[in-house]
Amino acid sequence: MVNALKKTPLSEVHEKLGAKMVEFGGWWMPVQYTNVIDEHITTRTKAGLFDICHMGEFEIRGKDSLELIQKMVTNDISKLADGKATYAIMCYDNGTVVDDLFIYRFSEERYMLVVNAGNIDKDFDWIRKHSKGFDVRLDNISGKTAKLDVQGPRAGEILQGLTSAGLKSLKRFFFVEDEVGGVKAVISRTGYTAEDGFELYFDSNFAEQLWNRLLDAGRKFGMKPAGLGARDTLRIEACYSLYGHEINENITPVEAGLSWLVKPDKGNFIGKSVLEKQLRNGTERTLVCFEMTEHAIPREHYDIVNGGVKIGFVTSGTFSPTFRKGIGMGLVTKEFAGLGQEIEIAIRDKNYKAKIVKRPFYEYKGGK
């Protein structure tokens, strides 16, 4: 089973560090090193180092690059400046989600798309299918690109000791190309934790070298390696969507509370007609955030109930290390989506009380 799974260049390093390894989207990944709560709190208060080498990266070059990307995603990429990144959604014709992704603009004729690990082949085929007639070159560079994330309030101090790039002047969602620990890298002030932090993209041949340099540099600041478990609790506290949970081939971005990423005025794009109607008329169900008012931990797929009747389901749920209670997100019938609405979560054979609250649970507090 393990031999059939894909592995990042750091799999053996994680095992030597004593990480608990699990299957995740076809990959053999570290879920934790010490425990999820410790790694979560360390990232919130100091810094965590994450191996995200399993993510996919595509490069689009050529004079029609922007035109193709505009067709593929719901967000307006024409407003993106060189050296800036943005979050975007790629949809099917019926408005449901192919994937969510980050788009990096290097120049008018060069972009990098970062996609979810389990969707690499599907996404690449989808874009290639729709690229016919466009003057572009599309390359899947996932196999030769490594990605490490340094996240937390001490991330800037740690990274600055390894690069000559001026990180203090690097604003959120901007990136530069420079060296980190002697390795050429794209340094992006982005992340998935609601903390300040940086995502590093570089040649996968240097993954172990840079991982070790970062760990050594971060030790005096209290940085620790963090696994997928903490990455999940951090993103749920921030109410960040995860493909396969809040968004998938059965959920539209409007239903998922991502209407701000749908820009009908920019021109035509895949899924526009359906999404435009949803923006105008609303949807029958919508994504909400809730906290447990009884002692219980919600998990994905659990039913959400009101008055003994199922009104939706949990898309993501966890115990929050920051707030010390059960929290989650879920899709519910619109009439039950109001703030303060009391609901129940069906956990095994019992219903536990919860209430809908304002999103997010945890606000971004990092660098600007």
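Run the count for segment 1-111, please: Lys pairs, Cα-Cα under 30 angstrom, 8 or more apart or on different chains.
Lysine pairs, 8 or more places apart or on different chains, close enough: 14.
State the percent of C-alpha pairs, over all pairs in segment 179-231, separated by a distance greater than 17 angstrom. Walk me through the numbers on the way to the answer.
Numbers: 599 of 1378 pairs.
Result for the distance tail: 43 percent.
With each pseudo-label sitting 7 Å past Cα toward Cβ, what's the residue 268-residue 348 distance in nm, one decimal?
5.5 nm
Once Rh for segment 57-103 is found with the Kirkwood sum over Cα pairs, what is the Stokes-Einstein diffusion coefficient at 4 °C and 1.567 mPa s, in µm²/s?
It comes out at roughly 114 µm²/s.
Taking residue 272 as the anchor, which aspartates and glutamates have their alpha carbon closer than 14 Å to its alpha carbon, excluding any fewer than eight residues away along the same chain?
Reachable aspartates and glutamates: 76, 93.
Of all GluC sites (Glu not before Pro) in segment 337-368, which ones are in loop regions per DSSP and have a Cβ with at most 12 other Cβ atoms within 10 Å? Could the numbers behind the result be given before it?
Numbers: sites: 342, 344, 363; in loops: 363.
Loop-located and lightly packed - 363.
When only alpha-carbon atoms are used, what values of Rg and Dmax, in angstrom, describe segment 213-252?
In order Rg, Dmax, the Cα atoms of segment 213-252 give 15.1, 46 Å.
With the cut-off at 31 Å, report for the chain the share of all Cα pairs above it, as a whole percent.
Pairs farther apart than 31 Å: 36 percent.
Summing +1 for each Lys or Arg and -1 for each Asp or Glu, what net charge is found among the other residues whose Cβ lies under 13 Å from the Cβ of residue 284?
Numbers: positive: 277, 285, 334; negative: 255, 335.
Taking every other residue near residue 284 into account, the sum is +1.
Got the relative contact order for segment 284-357 handy, in percent, Cα pairs under 8 Å and 6 or more residues apart? Before the final figure, lay out the partial values.
Details: 192 pairs, mean separation 29.2, N = 74.
For segment 284-357, the relative contact order is 39 percent.
Output needed: percent of Cα pairs per 10 Å distance bin for segment 28-179, bins running from 0 to the one holding the longest distance.
10, 34, 33, 19, 4, 0
Can you give the FRET efficiency for residue 130 and residue 280, using 1/(1 + (r/R0)^6), R0 = 41 Å, r = Cβ-Cβ distance, to the nearest 0.05?
0.95
Take segment 13-60, drop everything but the C-alpha atoms, weight them equally and run the Debye formula without solvent; then report log10 I(q)/I(0) at 0.23 Å⁻¹ to two decimals.
Computed log10 I(q)/I(0) values: -0.92.
Against the 2.2 N^0.38 Å scaling, with N counting residues, where does segment 204-309 land? I'd like the Cα-based Rg ratio to two decimal places.
Against the empirical 2.2 N^0.38 Å value, I get 1.55 for segment 204-309.
Pop a pseudo-label 7 angstrom from the Cα along the beta-carbon direction at both residue 22 and residue 81 and give the gap in nm to one decimal.
4.1 nm
Which chymotrypsin sites (Phe, Trp or Tyr not before Pro) from segment 313-368 combine a DSSP loop assignment with at most 15 other Cβ atoms within 10 Å? Let's see the in-between values first.
Numbers: sites: 313, 319, 323, 336, 352, 361, 362, 364; in loops: 323, 361, 362, 364.
Listed in order of number, the matching sites are 323, 364.
Relative contact order (percent) for the chain, with alpha-carbon contacts under 8 angstrom and 6 or more residues of separation?
On the way: 853 pairs, mean separation 66.3, N = 368.
Rounded, it is 18 percent for the chain.
When N counts the residues of segment 284-357, how does its alpha-carbon radius of gyration compare numerically with 2.2 N^0.38 Å, as a ratio?
In units of the globular-protein estimate, segment 284-357 measures up at 0.95.
Using C-alpha positions alone, give me the convex hull volume of segment 141-201 per residue in cubic angstrom.
80 Å³
Coordinate-derived values only; no laboratory data. Quick caveat, the model's predicted, so the values are computed rather than measured. Every residue, glycine as well, gets a Cβ built from its backbone with ideal geometry; the counts of neighbours run over all protein chains shown.
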